[in-house]
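The values are calculated or read from the model by the stated rules, or taken from the named source; none is laboratory data. From a predicted model like this one, the values you see are computed outputs, not experimental measurements. FYI the Cβ positions are ideal-geometry reconstructions off the backbone, even for glycines, and counts take in every protein chain you see.
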Amino acid sequence: MKVEIKGGKRMTLKKDFLWGGAVAANQYEGGYNEGGRGLSTFDAVTGGGYKKPRKVTYQTSDGTIGEVPVDSTMTGKVPEHTFGYIKENTFYPSHQATDFYHHYKEDIALMAEMGFKCLRMSISWSRICPKGMYEINEEGLQFYDEVFDELLKYQIEPVVTINHFDMPMYLADHYDGWSSREVIDFFVFYAKTVFERYKNKVKYWMTFNEINVLSGWCQIGVHDNNPQNLYQAHHHIFVASAKAVQIGHQINPDNKIGMMVSYTPSYPMTCLPEDVMEAIEFNRQKEFYMDVQVKGYYPEYQLKKFERDDISIHMEKDDLEIIKNGTVDYIGFSYYMSTVSSTDPNAEKTEGNQFIASKNPYLKTSDWGWTVDPLGLRIALNQIYDRYHIPVFIVENGLGAPDVIESDGSINDEYRINYLRDHIKAMKQAVDIDGVDLMGYTPWGCIDIVSAGTGEMKKRYGFVYVERYDDGTGDFSRKKKKSFEWYKKVIQSHGDLLD
Ligand code: BG6
């Protein structure tokens, strides 16, 4: 008997596909001591450069000033019982960043001109709760009210990350950040405050940015990064996120609340089974976080790893139940590159987004050593969707590159157009050919911002250039790059006009 299976309707990007861009407060907003904002960890992190680590400046209880380098994996070890400290005559990029605080109207108008349907941005925790605790800064809430109103004026949906790499400094200084269980309640209070306040303005949320790479003093306020401490801190973050998801759904059942993971697929260097196993293990470093936040439980392979590594996670009675009941509605992820796993200790290495791994001999790398792999984005989309079957959202993608202003004032960032074009093509294939349920695409640093890994302005991602430089000079004026008009056409044509 002949069985005929009729093909369904060919999928294309959804009508309400969220084209836009992405930024984060600690790299973009500035205004670090304005409007009642409290200090955040990144305010004590200096500028750096490629292979020139940023530094955390701190003070001990007897007043001694010190500093410690933070490498691009963000794992600098800040001595215990020290306090974040801002030194005179030192350049801290987050203090003004690229000054969204004073330029938000101009920036949002530029985003509207490109046709953005959404802006992914984060709220600075210490702008809302200056010490990260139960005191609310009304002026901070008003600032984001104005930003959201401005976005909505142009029908741009805010997509809000509640915590993107910024820890109120007070919590790092006095609680050792997420090492302390008390921080769960502080975070939940903050999350509830913003869910309630922006109930009628924001529908799309993510709890923590790149939860799978969170570590160290700058990102989570933890002084000692040993695995026991780090996994305990991550457990607290899981519980806090799950509680926030439940509260966010109660406050507004229409809220779509996602998790956010840094997704770098790893290929085995060869078909040697040991290399394949190595790749499986590398990939588990992100699957673990998705398993907990999407499936709602700690997966077996991770529990076995804890056993082997002698890690014991202290859990309270209801924690697992909270995690089970606080699963997310979608998976947001960043994709910049793929990597390679190899058991060969001599395999050539290259830089990556907060890690160093083996180099792929078939692919080129960016000026910062990140592997460029557009097809890897389609692979990532397939891997994620096949495993979890909930909507996915590409909330970061892009090429960090040095831009040059030509004598006629133009900025011809063809390299960025090429990178984005190839990735958008791969993303469309994942939808058209593979049937992935994709919510949107928000290229990173759509208006130039400070690099998280290196603290540089030189490493730029935007469609809009900001006159700000690594020596702290620049008047923050904005200039459209060539990619500005290109991306505008891409959005206008719903991803059809790419060339
Ligand atoms: C992601 C982060 O890891 O990568 C961003 O979510 C970061 O905050 C982005 O900026 C790009 O990394 P970098 O180091 O080039 O800024």
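Numerical summary
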item: Qualifying positions in the range 390-424 - over 22 Å from the mean Cα position of the chain (by Cα) and away from the ligand (no atom under 16 Å from the Cβ); result: V404, I405, E406, S407, D408, G409, S410, I411, N412, E414, N418
item: Unique residue being assigned to a helix (DSSP H, G or I), at pLDDT 95 or above, in contact with a strand residue (DSSP E or B) (Cβ under 9 Å, 6 or more places away or on another chain) and more than 30 Å from F208 (Cβ to Cβ) when the list is Y385, Y419, Y415; result: Y415
item: Residue that is nearest to the chain's Cα centre (by Cα) [pool: residues in the range 82-129 that are among the polar types (S, T, N, Q) and surrounded by fewer than 22 Cβ atoms within 10 Å (Cβ to Cβ)]; result: Q96
item: The range 469-485, residues that are in contact with a Phe, Trp or Tyr (Cβ under 9 Å, 6 or more places away or on another chain) and farther than 18 Å from L110 by Cα; result: D470, D471, G472
item: Extreme residue, nearest to the ligand (Cβ to nearest atom), among residues of the range 202-223 that are farther than 19 Å from E80 by Cβ and in a helix (DSSP H, G or I); result: V213
item: Complete set of residues in the range 164-209 that are in contact with a Gly (Cβ under 6 Å, 6 or more places away or on another chain), over 14 Å from F238 (Cα atoms) and among the aliphatic types (A, V, I, L, M); result: M167, M169, L171, A172
item: Tabulated pairs, the range 387-408, first closer than 20 Å to D16 by Cα, second of a type in the set (D, E, K, R) and not in a strand (DSSP E or B), C-beta under 9 angstrom, 6+ apart or interchain; result: H389/D437; I390/D329; I390/D437; P391/D329; P391/D437; V392/D437; E396/E210
item: Residue match in the range 425-440 (condition: closer than 24 Å to G352 by Cβ and either under 16 Å from the mean Cα position of the chain (by Cα) or within 16 Å of the ligand (Cβ to nearest atom) (or both)); result: no
item: Subset of the range 251-295 [within 30 Å of F189 (Cα to Cα), surrounded by fewer than 21 Cβ atoms within 10 Å (Cβ to Cβ) and basic (K, R)]; result: K256, K295
item: Residues (in a loop (DSSP other than H, G, I, E, B) and crowded, with 24+ Cβ neighbours inside 10 Å) located in the range 432-447; result: T442, P443, G445, C446
